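Below is one structure, written out as structure tokens; comments come after it.
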Amino acid sequence: MSEQRIITGPTFDEMLHPEKIAPDIRAKALRMMGEDPLDPINLFNITWKDASNKIHYHVLPKELTGIDANVVVLHSIHFPTRSHKVGATYSVLIEKELFGEVDPAIHKLVWPSTGNYGIGGAFVGCRMNFDSIVVLPAEMSRERFEYIERLGAHVIATPGCESNVKEIYDKTWELREDPNVRVLNQFEVMGNYRFHYFVTGNTMVELAAELQKKGIGNGKIAAYTSAMGSAGTIAAGDRMKQEWPDHKIVGLEPIQCRTLYDNGYGGHRIEGIGDKHVTWIHNVFNMDAIMAIDDMETVRGLALLTDPAGKETLVKRFGVPEADVEAMSQFFGISSVCNVLGAIKTAKYYDMGEDDVIITICTDAIDRYHSVMDWLEGEEGKMDETLAAYRLGQTFHGQKIDYISEGNRESRERWHNLKYYTWVEQQGKTVEELDAQRDPAWWQQHQHMVQEIDEKIIAYRKENHIHGE
């Protein structure tokens, strides 16, 4: 490691409990969120909680979901990049630095992505003084490319759409020919898993008790739905299943690319998920079901929630409270709609009722998708009340219990075996490494590393007299 000082941000514990951050650092970080969002101090704003240490969440109105069960979303527009993926990229990079695997004076970072991880990598990498390159498919939304470049990173566009991850991997192998390149692959690196297991998962455990105090639910989370891109976010379910063994972890993928459901493949429009492979960091042995969601239903659902005519129809015709409509229009993106449609599908399939809470994530927001909304309007016409009513019935109220495969011993083994074709045949893993993931202790070992990493961050602060240590 060079003598260049590492730029550190919060520990895992501080991301979960930001009130533990030194008061002067926390105050400056909150102030700079508005004054200079590119200042490295904004790393201390990586948390699911607000300035009052309250969780950013929303209980969705039942007039929208059409079910008795309570659907609750954590939303991530308050993270530094307006997406929770920045937490995963920070966790990945700080670990690599602390263990001496990357050095800003020597190494160039490559962030393979289909969107939000690349944006997070551009933010974190550049703020921590690394030259950063983001590799993502050419057909992703225009807004993603523009945002990455504004953050100071270089972009390489690879052929294809959301599901063309193989082409991303091929490009990263080319870039590895430079001995100073280090690839931080979200689909493989366990820092991604650890952020969501510890920070997102424990935030959800805390939220269950808070909701019960407000008369919502019975003090537990019945189910968690998460679409898999890198399969980092779904790791929060591993923490909740430790708290509540009967908790259901439900993975989601596009009908148009049903890889785990029936070994399917194909292109689709749900940016951020459905990548035609099973990721290394996905603990499939803990997944209780895989469900598939139609990609166009998610795009139409986002239009309904964000278009003025759709919002007006929700309020005046269907009685959705106006405050809810305005709030939801700010924190929903395409994969967020997918996650909620999966929650509705889960409630119907498992016959969940008014005492049950299903939780999910709003991963980004409409600012990533204005170009997609323009495309939809060009294809299907301008939104009016009739079209809005149709879309509500087709998307949220009309979810069916089809394209569902429950997890059992046979299916979980099948899901696990699919990892072989990507990770052993293509990406350099060994069969022994793959077989090790069958043991729950393998996953527990990675969970327990959170404490070791926090200790390293605190020790580094003390040695260098930074952040109040």
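The values are calculated or read from the model by the stated rules, or taken from the named source; none is laboratory data. Because the structure is predicted, anything quoted here is derived from the model rather than measured. As a convention, Cβ positions derive from the backbone with ideal geometry for all residues, glycine included, and neighbour counts pool all protein chains shown.
Some notes on this structure:
- Flag if G267 is free of Cβ contacts under 8 Å to residues at least 60 places away in the same chain and either in contact with a Ser or Thr (Cβ under 8 Å, 6 or more places away or on another chain) or crowded, with 21+ Cβ neighbours inside 10 Å (or both): no
- Qualifying residue in region 272-291 (condition: farther than 27 Å from K220 by Cα and part of a helix (DSSP H, G or I)): no
- Neighbours by Cβ (under 8 Å, 6+ apart or cross-chain): first from region 3-18, acidic (D, E); second at pLDDT 95 or above and part of a loop (DSSP other than H, G, I, E, B): E14/I21; E14/T47
- Which listed residue, of G398, G428, is free of Cβ contacts under 8 Å to residues at least 60 places away in the same chain, assigned by TED's automatic domain parsing to the domain that holds D262 and not basic (K, R): G398
- Residue check, R182 at pLDDT 90 or above, outside the structural domain of D13 (by TED's automatic domain parsing), among the charged types (D, E, K, R) and under 19 Å from the mean Cα position of the chain (by Cα): no
- Across region 359-414, the number of residues qualifying as more than 24 Å from the chain's Cα centre (by Cα), part of a loop (DSSP other than H, G, I, E, B) and closer than 30 Å to D439 by Cβ comes to 1.
- Test: G125 is in a helix (DSSP H, G or I) and not assigned by TED's automatic domain parsing to the domain that holds H370: yes
- Residue list for region 57-76, filter: part of a helix (DSSP H, G or I) and among the β-branched types (V, I, T): T65
- Test: F187 is under 27 Å from L60 (Cβ atoms) and either within 17 Å of the chain's Cα centre (by Cα) or of a type in the set (A, V, I, L, M) (or both): no
- Qualifying residues in region 77-101 (those that are of a type in the set (S, T, N, Q) and part of a loop (DSSP other than H, G, I, E, B)) - the one nearest to M190 (Cα to Cα): S83
- Residue selected from region 117-152 under the condition among the small types (G, A, S) and either in contact with a Cys (Cβ under 6 Å, 6 or more places away or on another chain) or within 12 Å of Y90 (Cα to Cα) (or both), by the criterion surrounded by the most Cβ atoms within 10 Å (Cβ to Cβ): G121
- Condition broken by R239, with the remaining ones in (1) closer than 18 Å to C362 by Cα; (2) not in a loop (DSSP other than H, G, I, E, B) satisfied: (1)
- Filter result for G251 (buried (at least 22 other Cβ atoms within 10 Å of the Cβ), at pLDDT 95 or above and assigned to a helix (DSSP H, G or I)): no
- Qualifying residue in region 77-96 (condition: without any contact (Cβ under 8 Å) to a residue 40 or more places away in the chain and farther than 18 Å from I358 by Cβ): yes
- Some residue of region 14-21 being farther than 19 Å from Y197 by Cα, in a helix (DSSP H, G or I) and in the same structural domain as A327 (by TED's automatic domain parsing): no
- Restricting attention to region 309-329, the residues that are of a type in the set (K, R) and crowded, with 17+ Cβ neighbours inside 10 Å add up to 1.
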